[in-house]
Every structure is written in C-alpha cells, then in structure tokens.
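S.K.: Pasting a structure below so you can have a look.
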Amino acid sequence: MKVEPKTLIQALKKAEKQVAPETLANATQFLRTPKLPTWALESFAELLQRKQWEEIDRRFGQTLSFGTAGIRGRTIGVYSTAVEKKGKQYLHAAIGSACMNDFNVIATT
C-alpha cells in the first residue's frame with residue numbers, strides 16, 4: 001500500500017490535540033518535502049497508527065540549530081519504527097526535524 005503525504009497530513013491534523021502546535025507545523029512541512037522516500041512516509045504512518053504522540057513531539061517539536069559544537073540531535077528514536085530498525089540493526093536514522101538525519105543534513109548544506 002502506497003502512503004501519500006496528503007493522507008498523513010490529514011491524519012495528523014485530525015490528531016492535532018495530541019501534539020504540540022510546533023510539532024504539527026514541523027511535521028506538516030516535513031511531509032510536504034518533495035520526493036520523500038517511501039520508507040520515510042511509512043515510518044511516519046507507523047508513528048501515527050501506533051499513536052506515538054510523545055515520539056512525534058520528540059521528533060518534530062523543534063528544529064535543529066547550530067550551536068558551538070555544530071548541529072546535534074538524536075539519530076535514533078526512543079521508539080523506532082519497523083522501517084527504521086529490523087531486529088537489532090538500524091537501517092535509517094529517525095525521521096524528524098529535531099533528529100540528525102539525511103533530511104536535515106541536506107537542508108543545512
């Protein structure tokens with residue numbers, strides 16, 4: 001089943017009382033990123049389906065910023081989705097505007 005960004009945005013908006021306003025804004029912006037890979041959409045869909053509101057807030061409640069040591073952020077979620085982790089092996093960094101991942105590295109370079 002193909003996961004569409006528009007469908008995920010609609011589902012997130014229905015659950016807006018479960019997440020912080022900053023989270024809603026950052027997650028919506030992320031989901032509007034052109035050409036998001038399927039695994040990233042599936043990861044977000046799992047967080048929504050499993051009602052991982054705290055994890056969505058952790059991942060999207062803020063954005064990374066430059067500090068005296070550069071940019072820092074989690075690479076692995078407190079809750080890892082099935083497409084991020086298979087068994088004990090991590091396949092992808094956690095999605096999210098507050099996480100150190102390919103999406104944020106590309107955005108800052």
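The numbers here are math on the coordinates, done by the rules we state, and not lab data. For clarity, every value in this text was computed on a predicted model and none was experimentally measured.
S.K.: Relative contact order for the chain: what percent, with Cα pairs under 8 Å and sequence separation of 6 or more?
M.R.: 26
S.K.: Residue by residue through region 74-82, what is 3J(HN,Hα) from phi via Karplus (6.51 cos²θ - 1.76 cosθ + 1.60, θ = phi - 60°)? Round to whole Hz and write x for glycine and proline.
M.R.: 4, 9, 10, x, 4, 10, 9, 7, 4
S.K.: Eight or more residues apart or on different chains, and alpha-carbon atoms under 14 Å: count the Lys pairs in the chain matching that.
M.R.: 6
S.K.: Also: Whole number please: convex hull volume per residue of the Cα set in the chain, in Å³?
M.R.: Hull volume over Cα atoms, normalised by residue count, gives 104 Å³.
S.K.: Taking 0.36 nm per residue of sequence separation and subtracting the Cα-Cα distance, how much length would be gained by fully extending the chain between K85 and S65, in nm to one decimal?
M.R.: Result: 4.6 nm gained on full extension.
S.K.: HN-Hα J couplings of region 36-52 from phi, Karplus 6.51/-1.76/1.60, θ = phi - 60°, integer Hz, Gly and Pro as x?
M.R.: In residue order, the calculated couplings are 4, x, 4, 4, 5, 5, 5, 5, 5, 4, 5, 4, 5, 4, 8, 6, 8 Hz.
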